[in-house]
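Each value in this text was obtained by applying a stated rule to the coordinates, not by laboratory testing. Not measured: the values here are computed from a predicted model. Virtual Cβ from ideal backbone geometry, glycine too; neighbours counted across all protein chains shown.
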Amino acid sequence: MKPFSIIVGFDSQYGIGKNGQLPWHLPLDLIHFKNITSAVSDPSLKNALIMGRKTWDSLPQKFRPLPGRENLVLTKTGKLNLPPVVLSSSSLDDALDQLTRPTIENIFVIGGQQVYAQAINHPLCQKLYVTHVQGQYACDSFFPPISRQFIPVSASEFYTDGTISFQFSEYLRQI
Ligand SMILES: NC(=O)c1ccc[n+]([C@@H]2O[C@H](COP(=O)([O-])OP(=O)(O)OC[C@H]3O[C@@H](n4cnc5c(N)ncnc54)[C@H](OP(=O)(O)O)[C@@H]3O)[C@@H](O)[C@H]2O)c1
């Protein structure tokens, strides 16, 4: 199995979602998400995204599967009517196994709460891309506490969209 990264945006209380959706609309963060998860060093390869079934459900139909990347949906019920190009799996390890192939360069876990909670404790989770959104958004889903094994290695300047300020950070797991 290959190492993977997590990408997430959370507020000052680690809130990530509300009523099955993102709590904020931040176009610059969506561009950042697309850039990070699409970037490959070998243009003949693709990256892969692993998401929970509820996060898949939260994506507008016209934007899913997320283009240019392999999409894999975690589901235990297996009753989903996914488009044929979308992979599915009944465990995180099985998903990582499926995606450990020569055509895939990087693997990203993209949420939501249930899947982040499993992924951050997985020994192959090596990097976190975090958008720190300032303020509180009365969220009902949350990112788990980040263990001290993850060390912040970079932080951008603060950006503002309307009244919302946010910052892009990266954390690496220390061996
Ligand atoms: N801020 C962010 O960066 C961000 C990113 C993504 C999502 N979100 C938000 O997070 C919220 C959704 O989070 P959530 O925790 O409710 O849902 P989720 O993690 O997206 O999906 C949960 C579902 O995934 C499946 N699942 C979870 N673990 C599994 C495993 N090990 N093996 C197989 N299937 C597994 C199950 O599907 P079945 O029920 O089909 O078995 C489960 O019900 C939404 O509000 C969304 O907008 C925020």
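Take PHE4 and decide whether it is farther than 21 Å from GLU105 by Cα and of a type in the set (Phe, Trp, Tyr). The answer is no for PHE4. Total residues in segment 105-126 satisfying the condition of being of a type in the set (A, V, I, L, M) and more than 17 Å from LEU66 (Cβ to Cβ): the figure is 4. Of all the criteria given as (1) surrounded by fewer than 20 Cβ atoms within 10 Å (Cβ to Cβ); (2) within 12 Å of the ligand (Cβ to nearest atom); (3) not in a helix (DSSP H, G or I), the one not satisfied by SER44 is (2). Among the conditions (1) closer than 22 Å to THR100 by Cβ; (2) within 13 Å of the ligand (Cβ to nearest atom), the only one that LEU22 does not satisfy is (1). Answer yes if at least one residue in segment 79-96 is part of a strand (DSSP E or B), in contact (Cβ under 8 Å) with a residue 40 or more places away in the chain and in contact with a Ser or Thr (Cβ under 8 Å, 6 or more places away or on another chain), and no otherwise. For segment 79-96, residues part of a strand (DSSP E or B), in contact (Cβ under 8 Å) with a residue 40 or more places away in the chain and in contact with a Ser or Thr (Cβ under 8 Å, 6 or more places away or on another chain): absent. Restricting segment 86-142 to residues that are under 26 Å from SER12 (Cα atoms) and of a type in the set (D, E, K, R), the residue that is farthest from the ligand (Cβ to nearest atom) is LYS127. Filter segment 48-78 down to residues that are away from the ligand (no atom under 16 Å from the Cβ) and not in a helix (DSSP H, G or I) and give me whichever is nearest to the chain's Cα centre (by Cα). My answer is GLU70.
State whether the residues of segment 137-149 include one that is in contact with an Asp or Glu (Cβ under 6 Å, 6 or more places away or on another chain), on the phi < 0 side of the Ramachandran plot, without any contact (Cβ under 8 Å) to a residue 60 or more places away in the chain and of a type in the set (Gly, Ala, Ser). Walk me through how you get there before you give the answer.
Of all residues in segment 137-149, those in contact with an Asp or Glu (Cβ under 6 Å, 6 or more places away or on another chain) come to 137.
From what is left, the residues that are on the phi < 0 side of the Ramachandran plot are 137.
Remaining after also requiring without any contact (Cβ under 8 Å) to a residue 60 or more places away in the chain: none.
No: zero hits.
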